[in-house]
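The values are calculated or read from the model by the stated rules, or taken from the named source; none is laboratory data. Quick caveat: nothing in here was measured; it's all calculated off a predicted structure. Virtual Cβ from ideal backbone geometry, glycine too; neighbours counted across all protein chains shown. Heavy atoms of the whole protein, side chains included, go into the accessibility calculation; ligands, DNA and RNA do not. Shrake-Rupley method; radii C 1.70, N 1.55, O 1.52, S 1.80 Å.
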Amino acid sequence: MRFSTLLFTVAVVATPATAQAQGPWVGSVIPGAGAPGAASFMLASAQVVWGSYITPGRLIDCTVFCSVNSGQSFLQQRVITSSPDNRIDDIWGLDGLRAWAIRTRGTAPSLLLATTTGPAGFSVVASAPSARLQFVRFLNATTGILVARPEANATTWPLFRTDDGGATWVTSTTPTPVAGDYPLTCTQVGNTFWVSTYLGYVLRSTDEGRTWTSADTGLGTSLREVSFRSVLNGLAFGDAGQLRRTSDGGQNWIMVTPQGPLRLTKATAVEGSAGTYLSVAGEWNSAQNGTSISTDDGATWVEVESSINMQRLVSREGVVYGTGFPFGNNTTMTLYKYASPLSTRARQQERASFCFPNPTADVINLPAASETRTVRLYDAVGRLHRTWELDRAENVLHLDGVALGVYQLHLFEQNKAIRVQQIVVQR
(Lines give C-alpha, C1' and ligand atoms only; values in the text may rest on other atoms or scores of the structure.)
Protein backbone atom coordinates (compact mmCIF):
# COMPACT_ATOMS: atom_id res chain seq x y z
CA MET A 1 0.00 0.00 0.00
CA ARG A 2 1.40 3.43 -0.94
CA PHE A 3 1.19 6.18 1.65
CA SER A 4 2.04 9.87 1.66
CA THR A 5 2.56 12.11 4.66
CA LEU A 6 -0.39 13.79 6.41
CA LEU A 7 0.26 16.63 8.85
CA PHE A 8 -1.04 16.12 12.38
CA THR A 9 -0.78 18.40 15.38
CA VAL A 10 -0.02 17.41 18.96
CA ALA A 11 0.89 13.86 19.94
CA VAL A 12 -1.70 11.27 20.87
CA VAL A 13 -3.06 11.75 24.38
CA ALA A 14 -4.37 8.87 26.47
CA THR A 15 -7.12 10.17 28.71
CA PRO A 16 -9.20 8.41 31.36
CA ALA A 17 -12.97 8.79 31.11
CA THR A 18 -15.48 9.73 33.79
CA ALA A 19 -18.33 7.18 33.97
CA GLN A 20 -21.94 8.09 34.66
CA ALA A 21 -25.28 6.24 34.37
CA GLN A 22 -28.47 7.53 32.74
CA GLY A 23 -31.31 5.04 32.58
CA PRO A 24 -30.14 1.93 30.72
CA TRP A 25 -27.01 3.72 29.44
CA VAL A 26 -23.61 3.97 31.11
CA GLY A 27 -21.75 7.04 29.87
CA SER A 28 -18.06 7.93 29.65
CA VAL A 29 -17.20 11.55 28.94
CA ILE A 30 -14.82 11.91 25.99
CA PRO A 31 -12.27 14.44 27.28
CA GLY A 32 -12.12 17.61 25.19
CA ALA A 33 -15.13 16.74 23.02
CA GLY A 34 -18.14 19.06 22.84
CA ALA A 35 -20.61 20.53 20.37
CA PRO A 36 -21.29 19.93 17.53
CA GLY A 37 -20.60 16.29 18.43
CA ALA A 38 -19.32 13.21 16.63
CA ALA A 39 -18.72 13.44 12.88
CA SER A 40 -18.22 9.67 12.62
CA PHE A 41 -18.48 6.71 14.97
CA MET A 42 -18.15 2.90 14.74
CA LEU A 43 -17.46 -0.28 16.71
CA ALA A 44 -14.58 -2.56 15.72
CA SER A 45 -15.72 -5.03 18.39
CA ALA A 46 -17.81 -5.06 21.55
CA GLN A 47 -14.95 -3.23 23.33
CA VAL A 48 -13.16 -1.22 20.60
CA VAL A 49 -14.63 2.14 19.54
CA TRP A 50 -13.40 4.55 16.85
CA GLY A 51 -14.77 7.99 16.03
CA SER A 52 -14.05 11.61 15.16
CA TYR A 53 -15.40 15.00 16.20
CA ILE A 54 -14.98 18.64 15.25
CA THR A 55 -12.63 20.17 17.79
CA PRO A 56 -14.78 22.61 19.86
CA GLY A 57 -14.05 26.23 18.99
CA ARG A 58 -11.83 25.24 16.03
CA LEU A 59 -13.94 24.46 12.97
CA ILE A 60 -10.83 23.70 10.91
CA ASP A 61 -9.73 20.95 13.31
CA CYS A 62 -10.99 17.39 13.63
CA THR A 63 -10.05 14.98 16.42
CA VAL A 64 -9.87 11.20 15.97
CA PHE A 65 -10.50 9.10 19.08
CA CYS A 66 -10.23 5.42 19.93
CA SER A 67 -11.03 3.36 23.02
CA VAL A 68 -10.11 -0.32 23.32
CA ASN A 69 -11.75 -0.83 26.73
CA SER A 70 -15.38 0.21 26.24
CA GLY A 71 -14.72 3.86 27.02
CA GLN A 72 -12.66 3.51 30.19
CA SER A 73 -9.92 5.55 28.48
CA PHE A 74 -9.35 7.19 25.10
CA LEU A 75 -6.49 7.80 22.70
CA GLN A 76 -7.01 11.03 20.74
CA GLN A 77 -5.26 12.84 17.88
CA ARG A 78 -6.06 16.26 16.46
CA VAL A 79 -5.95 16.64 12.67
CA ILE A 80 -5.57 20.04 10.99
CA THR A 81 -7.96 20.07 8.05
CA SER A 82 -7.69 23.78 7.03
CA SER A 83 -11.38 24.28 6.18
CA PRO A 84 -14.78 23.73 7.89
CA ASP A 85 -15.92 21.45 5.01
CA ASN A 86 -12.67 19.48 5.20
CA ARG A 87 -12.99 16.89 7.98
CA ILE A 88 -12.97 13.21 8.98
CA ASP A 89 -16.52 12.21 8.00
CA ASP A 90 -16.24 8.41 8.15
CA ILE A 91 -14.01 5.98 10.04
CA TRP A 92 -13.71 2.20 10.15
CA GLY A 93 -11.49 0.14 12.47
CA LEU A 94 -10.58 -3.55 12.65
CA ASP A 95 -9.10 -3.34 16.15
CA GLY A 96 -7.34 -0.81 18.37
CA LEU A 97 -4.48 -0.28 15.91
CA ARG A 98 -5.74 -0.77 12.35
CA ALA A 99 -8.27 1.67 10.89
CA TRP A 100 -9.25 3.68 7.80
CA ALA A 101 -10.90 7.09 7.51
CA ILE A 102 -12.41 9.36 4.86
CA ARG A 103 -11.28 12.98 4.90
CA THR A 104 -13.80 14.97 2.85
CA ARG A 105 -12.76 18.14 1.04
CA GLY A 106 -15.97 19.86 -0.03
CA THR A 107 -16.58 19.25 -3.74
CA ALA A 108 -12.99 18.07 -4.33
CA PRO A 109 -12.02 14.36 -4.28
CA SER A 110 -11.82 12.97 -0.75
CA LEU A 111 -8.73 11.45 0.82
CA LEU A 112 -8.52 7.89 2.14
CA LEU A 113 -6.40 7.60 5.28
CA ALA A 114 -5.08 4.46 6.97
CA THR A 115 -3.22 3.53 10.15
CA THR A 116 -1.72 0.38 11.63
CA THR A 117 -0.55 2.02 14.86
CA GLY A 118 -3.65 3.68 16.31
CA PRO A 119 -4.88 7.29 16.05
CA ALA A 120 -1.40 8.79 15.69
CA GLY A 121 -0.49 6.81 12.60
CA PHE A 122 -2.96 7.97 9.93
CA SER A 123 -1.49 8.81 6.54
CA VAL A 124 -2.91 9.23 3.06
CA VAL A 125 -3.42 6.12 0.89
CA ALA A 126 -2.14 7.42 -2.43
CA SER A 127 -3.60 4.51 -4.40
CA ALA A 128 -7.23 5.30 -3.50
CA PRO A 129 -9.62 6.26 -6.34
CA SER A 130 -10.01 9.95 -7.12
CA ALA A 131 -13.64 10.43 -6.13
CA ARG A 132 -15.86 12.11 -3.55
CA LEU A 133 -15.55 9.20 -1.14
CA GLN A 134 -18.14 8.96 1.63
CA PHE A 135 -17.73 5.53 3.27
CA VAL A 136 -14.97 2.98 3.82
CA ARG A 137 -15.58 -0.55 5.11
CA PHE A 138 -13.15 -3.45 5.58
CA LEU A 139 -14.09 -7.07 6.26
CA ASN A 140 -10.51 -7.90 7.28
CA ALA A 141 -7.00 -6.55 6.73
CA THR A 142 -7.15 -7.14 2.96
CA THR A 143 -10.77 -6.98 1.72
CA GLY A 144 -12.63 -3.68 1.74
CA ILE A 145 -14.93 -1.33 -0.16
CA LEU A 146 -15.22 2.39 -0.86
CA VAL A 147 -18.51 4.19 -1.49
CA ALA A 148 -18.44 7.51 -3.34
CA ARG A 149 -20.90 10.16 -4.48
CA PRO A 150 -21.83 9.97 -8.19
CA GLU A 151 -20.90 12.85 -10.44
CA ALA A 152 -23.50 14.39 -12.76
CA ASN A 153 -24.60 12.06 -15.59
CA ALA A 154 -22.86 9.04 -14.01
CA THR A 155 -23.86 5.71 -15.60
CA THR A 156 -22.74 3.56 -12.64
CA TRP A 157 -22.45 4.05 -8.90
CA PRO A 158 -18.82 4.83 -7.92
CA LEU A 159 -18.28 1.78 -5.69
CA PHE A 160 -14.80 0.27 -5.39
CA ARG A 161 -13.24 -2.87 -3.93
CA THR A 162 -9.79 -4.02 -2.81
CA ASP A 163 -8.36 -7.47 -2.09
CA ASP A 164 -4.89 -6.33 -1.07
CA GLY A 165 -5.46 -3.96 1.82
CA GLY A 166 -5.90 -0.87 -0.36
CA ALA A 167 -2.80 -1.18 -2.56
CA THR A 168 -5.08 -1.45 -5.60
CA TRP A 169 -8.78 -0.76 -6.18
CA VAL A 170 -11.19 -2.01 -8.86
CA THR A 171 -14.61 -0.65 -9.82
CA SER A 172 -17.53 -2.84 -8.74
CA THR A 173 -20.42 -3.87 -11.00
CA THR A 174 -23.35 -1.59 -10.10
CA PRO A 175 -26.70 -0.40 -11.43
CA THR A 176 -27.16 3.07 -12.92
CA PRO A 177 -27.90 5.76 -10.31
CA VAL A 178 -30.96 7.96 -10.62
CA ALA A 179 -30.00 11.55 -11.38
CA GLY A 180 -29.46 13.54 -8.19
CA ASP A 181 -29.06 10.50 -5.94
CA TYR A 182 -26.19 10.02 -3.47
CA PRO A 183 -25.30 7.70 -0.52
CA LEU A 184 -26.71 8.33 2.96
CA THR A 185 -25.54 5.38 5.07
CA CYS A 186 -23.49 2.20 4.70
CA THR A 187 -24.43 -0.89 6.73
CA GLN A 188 -22.70 -4.26 7.07
CA VAL A 189 -23.65 -7.68 8.46
CA GLY A 190 -21.15 -10.46 7.79
CA ASN A 191 -20.04 -10.22 4.14
CA THR A 192 -23.18 -8.32 3.06
CA PHE A 193 -23.23 -4.54 2.54
CA TRP A 194 -26.15 -2.14 2.12
CA VAL A 195 -25.95 1.51 1.03
CA SER A 196 -29.07 3.64 1.53
CA THR A 197 -29.53 6.64 -0.76
CA TYR A 198 -31.06 10.12 -0.72
CA LEU A 199 -33.84 9.16 -3.15
CA GLY A 200 -34.96 6.16 -1.08
CA TYR A 201 -33.09 3.28 -2.68
CA VAL A 202 -30.99 0.56 -1.05
CA LEU A 203 -27.94 -0.82 -2.85
CA ARG A 204 -26.98 -4.35 -1.77
CA SER A 205 -23.96 -6.60 -2.24
CA THR A 206 -23.81 -10.20 -1.01
CA ASP A 207 -20.39 -11.01 -2.50
CA GLU A 208 -18.05 -8.75 -0.52
CA GLY A 209 -18.69 -5.75 -2.74
CA ARG A 210 -18.02 -7.27 -6.17
CA THR A 211 -21.54 -6.75 -7.55
CA TRP A 212 -24.48 -4.64 -6.41
CA THR A 213 -28.24 -4.54 -6.96
CA SER A 214 -30.76 -1.79 -6.19
CA ALA A 215 -34.23 -1.82 -4.60
CA ASP A 216 -36.73 0.95 -3.85
CA THR A 217 -37.87 1.23 -0.19
CA GLY A 218 -40.84 3.37 -1.16
CA LEU A 219 -39.80 6.11 1.26
CA GLY A 220 -38.30 8.46 -1.34
CA THR A 221 -36.37 11.39 0.11
CA SER A 222 -37.84 10.66 3.54
CA LEU A 223 -35.46 7.69 3.92
CA ARG A 224 -33.06 8.38 6.80
CA GLU A 225 -31.21 5.09 7.21
CA VAL A 226 -31.48 1.30 7.09
CA SER A 227 -30.36 -1.20 9.71
CA PHE A 228 -30.19 -5.01 9.61
CA ARG A 229 -30.23 -7.53 12.46
CA SER A 230 -29.29 -10.38 10.07
CA VAL A 231 -28.44 -10.74 6.38
CA LEU A 232 -32.18 -11.07 5.65
CA ASN A 233 -34.04 -8.98 8.25
CA GLY A 234 -33.94 -5.20 8.45
CA LEU A 235 -35.84 -1.94 8.79
CA ALA A 236 -35.81 1.28 6.77
CA PHE A 237 -36.51 4.43 8.81
CA GLY A 238 -38.17 7.57 7.46
CA ASP A 239 -37.55 11.05 8.85
CA ALA A 240 -41.20 11.44 9.93
CA GLY A 241 -41.54 8.08 11.66
CA GLN A 242 -42.32 5.95 8.60
CA LEU A 243 -41.09 2.35 8.65
CA ARG A 244 -40.47 -0.31 6.01
CA ARG A 245 -39.49 -3.90 6.81
CA THR A 246 -37.64 -6.49 4.73
CA SER A 247 -37.19 -10.23 5.29
CA ASP A 248 -35.28 -10.98 2.09
CA GLY A 249 -32.17 -8.88 2.57
CA GLY A 250 -33.60 -5.66 1.15
CA GLN A 251 -34.99 -6.84 -2.18
CA ASN A 252 -38.58 -6.07 -1.12
CA TRP A 253 -39.95 -3.72 1.55
CA ILE A 254 -43.38 -3.67 3.23
CA MET A 255 -44.97 -0.86 5.22
CA VAL A 256 -45.06 -1.07 9.03
CA THR A 257 -47.25 1.21 11.14
CA PRO A 258 -45.27 1.61 14.38
CA GLN A 259 -47.06 1.93 17.70
CA GLY A 260 -45.47 3.85 20.56
CA PRO A 261 -42.69 6.46 20.74
CA LEU A 262 -40.39 5.71 17.80
CA ARG A 263 -37.49 8.19 18.06
CA LEU A 264 -36.46 9.98 14.88
CA THR A 265 -32.74 10.87 15.00
CA LYS A 266 -30.93 7.51 14.76
CA ALA A 267 -31.76 3.82 14.99
CA THR A 268 -29.89 0.53 15.02
CA ALA A 269 -30.68 -3.15 14.87
CA VAL A 270 -29.22 -5.47 17.51
CA GLU A 271 -27.34 -7.93 15.35
CA GLY A 272 -28.13 -11.54 16.23
CA SER A 273 -31.36 -10.69 18.07
CA ALA A 274 -34.82 -12.04 17.25
CA GLY A 275 -36.20 -8.59 16.42
CA THR A 276 -34.65 -5.95 18.68
CA TYR A 277 -34.01 -2.37 17.55
CA LEU A 278 -33.19 0.85 19.41
CA SER A 279 -34.15 4.34 18.27
CA VAL A 280 -32.90 7.60 19.76
CA ALA A 281 -33.54 11.33 19.44
CA GLY A 282 -31.21 14.23 19.96
CA GLU A 283 -32.36 17.85 19.91
CA TRP A 284 -30.98 20.52 22.23
CA ASN A 285 -33.28 20.91 25.26
CA SER A 286 -36.09 19.03 23.50
CA ALA A 287 -38.78 16.93 25.15
CA GLN A 288 -38.30 14.48 22.27
CA ASN A 289 -34.87 13.36 23.51
CA GLY A 290 -34.37 9.82 24.73
CA THR A 291 -34.32 6.16 23.75
CA SER A 292 -37.00 3.68 22.69
CA ILE A 293 -36.75 -0.07 22.14
CA SER A 294 -38.66 -2.50 19.93
CA THR A 295 -38.45 -6.28 20.30
CA ASP A 296 -40.92 -7.15 17.51
CA ASP A 297 -39.15 -5.86 14.39
CA GLY A 298 -40.39 -2.31 14.77
CA ALA A 299 -44.13 -2.92 15.28
CA THR A 300 -44.21 -1.47 18.83
CA TRP A 301 -41.84 0.86 20.67
CA VAL A 302 -41.38 1.46 24.40
CA GLU A 303 -39.56 4.43 25.94
CA VAL A 304 -36.63 3.45 28.16
CA GLU A 305 -35.24 6.93 28.99
CA SER A 306 -35.80 10.57 28.05
CA SER A 307 -32.74 12.47 29.30
CA ILE A 308 -30.06 11.95 26.64
CA ASN A 309 -29.51 14.02 23.50
CA MET A 310 -28.20 11.05 21.47
CA GLN A 311 -26.75 11.85 18.06
CA ARG A 312 -25.13 8.61 16.86
CA LEU A 313 -25.98 4.96 17.48
CA VAL A 314 -24.16 1.76 16.45
CA SER A 315 -24.33 -1.93 17.29
CA ARG A 316 -21.93 -4.84 16.96
CA GLU A 317 -21.84 -8.34 18.45
CA GLY A 318 -25.14 -7.62 20.21
CA VAL A 319 -23.74 -4.59 22.07
CA VAL A 320 -25.03 -1.03 21.44
CA TYR A 321 -23.13 2.25 21.87
CA GLY A 322 -24.10 5.84 21.17
CA THR A 323 -22.56 9.30 21.32
CA GLY A 324 -24.40 12.36 22.57
CA PHE A 325 -24.89 14.78 25.43
CA PRO A 326 -26.81 14.84 28.72
CA PHE A 327 -30.06 16.84 28.54
CA GLY A 328 -29.34 20.58 28.46
CA ASN A 329 -25.56 20.13 28.20
CA ASN A 330 -23.67 20.52 24.94
CA THR A 331 -20.16 20.83 26.40
CA THR A 332 -19.40 17.22 27.44
CA MET A 333 -19.76 14.78 24.56
CA THR A 334 -20.27 11.33 26.04
CA LEU A 335 -19.80 7.76 24.85
CA TYR A 336 -22.80 5.73 26.01
CA LYS A 337 -22.99 1.95 26.27
CA TYR A 338 -26.31 0.17 26.71
CA ALA A 339 -25.87 -1.43 30.12
CA SER A 340 -27.62 -4.76 29.47
CA PRO A 341 -26.56 -7.16 26.70
CA LEU A 342 -29.35 -7.28 24.11
CA SER A 343 -28.61 -10.64 22.48
CA THR A 344 -27.32 -14.09 23.35
CA ARG A 345 -24.07 -13.38 21.54
CA ALA A 346 -23.51 -10.23 23.59
CA ARG A 347 -23.97 -12.14 26.84
CA GLN A 348 -21.46 -14.73 25.64
CA GLN A 349 -18.99 -11.96 24.73
CA GLU A 350 -19.40 -10.39 28.17
CA ARG A 351 -18.72 -13.69 29.94
CA ALA A 352 -15.73 -14.34 27.69
CA SER A 353 -13.84 -11.26 28.90
CA PHE A 354 -11.61 -12.75 31.56
CA CYS A 355 -8.23 -10.96 31.70
CA PHE A 356 -7.16 -7.43 32.58
CA PRO A 357 -5.92 -4.78 32.04
CA ASN A 358 -6.75 -4.55 28.35
CA PRO A 359 -5.02 -2.80 26.64
CA THR A 360 -1.85 -3.52 28.58
CA ALA A 361 1.83 -2.63 28.50
CA ASP A 362 3.63 -5.37 30.44
CA VAL A 363 1.37 -7.73 32.44
CA ILE A 364 -1.96 -9.52 32.18
CA ASN A 365 -3.89 -10.67 35.24
CA LEU A 366 -6.00 -13.84 35.15
CA PRO A 367 -8.76 -14.95 37.54
CA ALA A 368 -7.87 -17.42 40.27
CA ALA A 369 -8.10 -21.13 39.40
CA SER A 370 -8.23 -24.51 41.10
CA GLU A 371 -6.40 -26.30 38.27
CA THR A 372 -3.06 -25.94 36.53
CA ARG A 373 -3.41 -24.01 33.28
CA THR A 374 -1.75 -23.41 29.93
CA VAL A 375 -1.94 -20.00 28.25
CA ARG A 376 -0.90 -19.34 24.66
CA LEU A 377 -0.46 -15.99 22.93
CA TYR A 378 -1.11 -15.79 19.16
CA ASP A 379 -0.66 -12.79 16.87
CA ALA A 380 -3.22 -11.47 14.39
CA VAL A 381 -2.23 -13.99 11.69
CA GLY A 382 -2.25 -17.00 14.03
CA ARG A 383 1.44 -17.38 14.88
CA LEU A 384 2.22 -18.63 18.38
CA HIS A 385 4.34 -16.08 20.26
CA ARG A 386 4.47 -17.38 23.82
CA THR A 387 3.28 -20.22 26.06
CA TRP A 388 2.88 -20.11 29.84
CA GLU A 389 2.42 -23.16 32.08
CA LEU A 390 0.80 -21.94 35.31
CA ASP A 391 0.21 -23.69 38.59
CA ARG A 392 -2.84 -22.94 40.72
CA ALA A 393 -1.19 -20.02 42.54
CA GLU A 394 -0.06 -18.21 39.41
CA ASN A 395 -2.31 -15.66 37.77
CA VAL A 396 0.02 -13.02 36.25
CA LEU A 397 1.45 -13.16 32.71
CA HIS A 398 4.54 -11.03 32.00
CA LEU A 399 4.76 -9.59 28.48
CA ASP A 400 8.39 -8.49 28.40
CA GLY A 401 9.69 -8.83 24.85
CA VAL A 402 6.20 -8.95 23.30
CA ALA A 403 5.91 -6.38 20.51
CA LEU A 404 3.10 -3.84 20.26
CA GLY A 405 0.04 -5.19 18.50
CA VAL A 406 -3.21 -7.11 18.67
CA TYR A 407 -3.13 -10.70 19.97
CA GLN A 408 -5.40 -13.60 20.86
CA LEU A 409 -4.96 -15.06 24.35
CA HIS A 410 -6.04 -18.74 24.62
CA LEU A 411 -6.61 -20.28 28.06
CA PHE A 412 -6.46 -24.09 28.44
CA GLU A 413 -7.39 -26.33 31.36
CA GLN A 414 -6.79 -30.10 31.19
CA ASN A 415 -5.65 -29.67 27.55
CA LYS A 416 -9.00 -28.13 26.59
CA ALA A 417 -9.41 -24.53 25.40
CA ILE A 418 -11.94 -22.82 27.68
CA ARG A 419 -11.47 -19.08 27.02
CA VAL A 420 -10.24 -16.88 24.15
CA GLN A 421 -9.87 -13.11 24.34
CA GLN A 422 -8.40 -10.43 22.12
CA ILE A 423 -5.84 -8.22 23.84
CA VAL A 424 -3.97 -5.12 22.75
CA VAL A 425 -0.35 -4.47 23.77
CA GLN A 426 0.41 -0.73 23.88
CA ARG A 427 3.26 1.22 25.46
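Among the residues examined, GLY260 qualifies as at pLDDT below 95, under 29 Å from ALA339 (Cα atoms), of a type outside the set (S, T, N, Q) and out of contact with any Lys or Arg (no Cβ under 6 Å at 6 or more places or on another chain). Scanning segment 182-196 turns up no residue that is of a type outside the set (S, T, N, Q), surrounded by fewer than 22 Cβ atoms within 10 Å (Cβ to Cβ) and more than 24 Å from the chain's Cα centre (by Cα).
Only one entry of ALA236, ALA240 meets the criterion of being open to solvent by 60 Å² or more (accessible area, probe 1.4 Å) and small (Gly, Ala, Ser), and that entry is ALA240. Taking the stated definitions as given, is THR55 open to solvent by 10 Å² or more (accessible area, probe 1.4 Å), at pLDDT below 75 and out of contact with any Asp or Glu (no Cβ under 8 Å at 6 or more places or on another chain)? Taking the combined requirement at face value, the residue does not satisfy it.
Of all the residues in segment 288-326, those that are assigned to a loop (DSSP other than H, G, I, E, B) and in contact with a Phe, Trp or Tyr (Cβ under 9 Å, 6 or more places away or on another chain) number 7.
Within segment 265-286, none of the residues are in contact with a helix residue (DSSP H, G or I) (Cβ under 6 Å, 6 or more places away or on another chain), in a strand (DSSP E or B) and not aromatic (Phe, Trp, Tyr).
The rows are residues; the columns are (1) open to solvent by less than 20 Å² (accessible area, probe 1.4 Å); (2) free of Cβ contacts under 8 Å to residues at least 24 places away in the same chain.
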position	(1), (2)
PRO119	yes, no
ALA131	yes, no
ASN140	no, no
ALA154	no, yes
TRP157	yes, no
